[in-house]
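Asks: Below: one structure in structure tokens.
Read the figures in this text as sums done on the coordinates, not as results from a lab. All of these numbers come straight from a predicted model, not from anything done at the bench. Positions of Cβ are generated from backbone atoms using ideal geometry, with glycine treated the same way; all protein chains shown enter the neighbour counts.
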Amino acid sequence: MPYASIVCVKQVPDTANITVEAMKEDGTVNRAALPAIFNPEDLHALETALSLRDEHGGTVTVVTMGPPKAAEVLRECLYRGADRAILLTDGRAAASDTLATSYILSRAVKTIGRYDFVFCGRQAIDGDTAQVGPQCAEKLGIPQVTYLEQVIDLCDGVVRIRRNVGHGWEIVEARLPVLLTVVETANQPRPPAARRVMRMKRAPIEQWDLDDIGADLSRCGLAGSPTKVHRIQAIVLTKEGHTEIPPTEEGARQMIHELVVDRTL
Amino acid sequence: MSAQDILVLAETNQEALADISLELLAGARQLAGGTGGQVVAVLLGPDGAKHADALSAADRILVIDDLQLAAFSPEPYLAVLESVVSSEGPRAVLIGSTTIGLDVAPALGARLDAPVLSGCQQIVVEGDTLKVTSAICGGKILADVEVKGSPAILLVLPGSFRPTEETGAAQVETLPSPVALKPGAVTFEELILPEAGDVDITQQDVLVAVGRGIQQEGNMEAAEELAHALGGELAASRPIVDQDWLPTTRQVGKSGMIVKPKFYLALGVSGAPEHQEGMSSSDLIIAVNTDPAAPIFEVAHYGVEMDLMDLVEPLTEAINARKGEA
């Protein structure tokens, strides 16, 4: 039986080497200062959807919200095997927090129409909130399962899933439609296929704005966002009793001595 | 109940009250001091009442006794919390940034149209505003966020508040679920725990944890020698396990093990919040890292800014020499 999947993806600044200079006053990232990449866990969400389609048939539609440049990640999805890609771009959606973003994405999913699965990465590396997936499920009125690591079985509208809960794994079953958030240990994303790259590199990408998805503007952007970032700062060392040890033999000896005196060793 | 109250979701795991619950309670007491409201702890499940003593520093404890809440399942939890938060109408809801908390809080916020803040480390009340410091970008950036709406749902990072020994005379109210609960569309089937056979790092007094800074697989042996010299075992942050240099059973952090040794030596571990979540309650933390801005230094009691390989061998030798003297 074929299944229709929708994957929400995001283009994010590569925060691996981020500094405070790369942040703007309003708490958003100055995208110009950092290379833009495919949010890592979203690639695993895409791979989960693609392998389900390979096994059971169906379609994979990807959607992203962002500036026009975010179409880059959509094209990458097409190269890797997605069937359809939709860019949701609208200046009125700028400065959306997680609630506004999940509202907008849920409107986009509803506009796409019929679906069995919505996949998201567990979290985006820029905000680390892990909120948008679960909130999107709420706005759609469908159940959610987070931390998906493996789809064990899928039949008769019930999916059996292994989720990583930190101290172990849980096996859960969910009725479709369901929203799943995927962790990076789930799979090895397939690389872009050369022939698809040649075929898709100029393929048009559907572009929607907030009117196309019938969004209530009071729930989007700044107006729909109850959290406001006030100030951004780089991490500072605040731990009480923090001691710096000089990187010398004497320093190491002193540290061992203190540990012995404190009966740690 | 008042619009200035602070609600705490007390979390239990495998029958015991989770450490985060007492940290949240301590945080809630501070906040309630600022708002002038009460602290209300919420315990879910038929066994909830047995944890009430440990939470007596709250003003009120609500125990929701329903069999559907015996094990965590997002839908019944959400239904109850939605109802409790709506009827209590608190100023803020404190939820631990744990597997369960991260499952529940965002969806609860979406249902109540309430702001949700992740990674909260500090929370201060200023008039009608909550000023929250939250960690983003793997803990490298702190964002100061102002929240005006009530209730604000705050996902608090473990280790942000120090539990107090304080006790009180909380009034315990055991109630049936305010909403009829039935199994949801998601059903829990089974819990699988990691393979036995390897050492259990959660039981060690001394852990030497290696991170990306170890650079080469060949360096792992020297780190393990140091761990053994210290009478402990080798652990690791996620990148090391992802590269298959150590088994998953050795991984410290949110997606690995939560450890609390007497001594945690972090070698070349940057210390993202996910890692800190697994080790920040260790009694003594020493961090060695070449990057002075590494977030691990934030939780470390001692910090050394140097290449770990310059330290490992001399330290092993020094410890062995010291043992020889004794």
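Asks: So what's the gap between the Cα centers of the range B:8-70 and the range A:170-213, to the nearest angstrom?
Replies: So the two Cα centres are separated by 40 Å.
Asks: Rounded to whole Hz and in sequence order, give me ³J(HN,Hα) for the range A:86-94 from the Karplus expression 6.51 cos²θ - 1.76 cosθ + 1.60, θ = phi - 60°, writing x for Gly and Pro.
Replies: 10, 9, 9, 9, 6, x, 6, 8, 4
Asks: By counting other Cβ atoms within 10 Å of each Cβ, how are B:E317, B:E166 ranked from fewest to most?
Replies: Numbers: B:E317 14, B:E166 11.
Starting with the residue having the fewest Cβ neighbours, the order is B:E166, B:E317.
Asks: Rounded to the nearest 0.05, what FRET efficiency do A:A94 and B:V179 have when you use their Cβ-Cβ distance and R0 = 56 Å? Can you show the working numbers first?
Replies: Numbers: r = 38 Å, r/R0 = 0.67.
For A:A94 and B:V179, the calculated efficiency is 0.90.
Asks: Under a 10 Å cutoff between Cα atoms, tell me which one of B:L315, B:L191, B:L230 has the largest fluctuation in the Gaussian network model of chain B.
Replies: Of B:L315, B:L191, B:L230, the most mobile in the Gaussian network model is B:L191.
Asks: What is the fewest-to-most order of A:C77, B:C120 by other Cβ atoms lying within 10 Å of their Cβ?
Replies: B:C120, A:C77
Asks: Now a separate question. Under the rule of at least 5 residues apart or a separate chain, name every residue whose amide H is placed under 5 Å from the amide H of A:E149.
Replies: So A:E149 has HN proximity to A:R162, A:R163, A:N164.
Asks: Would you please give the residues with an amide H less than 5 Å from that of B:Q171, counting only those at least 5 places away or on a separate chain, with H modeled from the backbone geometry?
Replies: Placed amide hydrogens put B:R60, B:I61 under 5 Å from B:Q171.
Asks: When the Karplus curve 6.51 cos²θ - 1.76 cosθ + 1.60 is applied with θ = phi - 60°, which whole-Hz ³J(HN,Hα) does each residue of the range B:33-48 get, with x for Gly and Pro?
Replies: So the Karplus estimates, Gly and Pro as x, are x, x, 8, x, x, 9, 9, 10, 9, 10, 10, 10, x, x, 8, x Hz.
Asks: Here's something else I'd like to know. What's the average, rounded to a whole number, of partner chain beta-carbon atoms within 10 Å of each residue's beta-carbon in B:311-322? Don't skip to the end; give the middle numbers.
Replies: Numbers: counts 6, 0, 0, 4, 5, 0, 1, 6, 5, 0, 2, 6.
Mean shielding count: 3.
Asks: With labels modelled as points extended 7 Å from the Cα through the Cβ direction, what inter-label distance (nm, one decimal) is found for B:S87 paired with B:A169?
Replies: 2.6 nm
Asks: Could you work out the helix-only [θ] at 222 nm for the protein assembly as shown, with each DSSP H run of four or more residues adding -39,500 (n - 2.57) and the total divided by the number of residues, to the nearest 500 deg cm²/dmol?
Replies: The helix-only estimate for the protein assembly as shown comes to -8500 deg cm²/dmol at 222 nm.
Asks: Which length gain, in nm to one decimal place, applies between B:K262 and B:H228 when the Cα-Cα distance is subtracted from 0.36 nm times their residue separation?
Replies: 10.7 nm
Asks: Take every residue in peptide A:136-144, count the Cβ atoms of other chains within 10 Å of its Cβ, and give the average of those counts.
Replies: For peptide A:136-144, the averaged partner shielding equals 4.
Asks: Apply 1/(1 + (r/R0)^6) to the Cβ-Cβ distance of A:D54 and B:D205, taking R0 = 51 Å, and write down the FRET efficiency to the nearest 0.05. Display every interim value, and only then the final one.
Replies: On the way: r = 49 Å, r/R0 = 0.95.
Between A:D54 and B:D205 the formula returns 0.55.
Asks: With a point put 7 Å past each Cα toward its Cβ, work out how far B:E126 is from B:D307 in nm, to one decimal.
Replies: 4.5 nm
Asks: Can you sort A:C136, A:C155 so the residue with the fewest Cβ neighbours within 10 Å comes first?
Replies: Least crowded to most crowded, the residues run A:C155, A:C136.
Asks: Return the long-range amide H neighbours of B:V210 (sequence gap of 5 or more, or a different chain), with a cut-off of under 5 Å between placed amide H atoms.
Replies: B:A235, B:A236, B:S237, B:L267
Asks: Where is the GNM fluctuation largest for chain B (alpha-carbon springs, 10 angstrom cutoff): B:L108, B:L175, B:L24?
Replies: Checking each option, the largest mean-square fluctuation is seen for B:L175.
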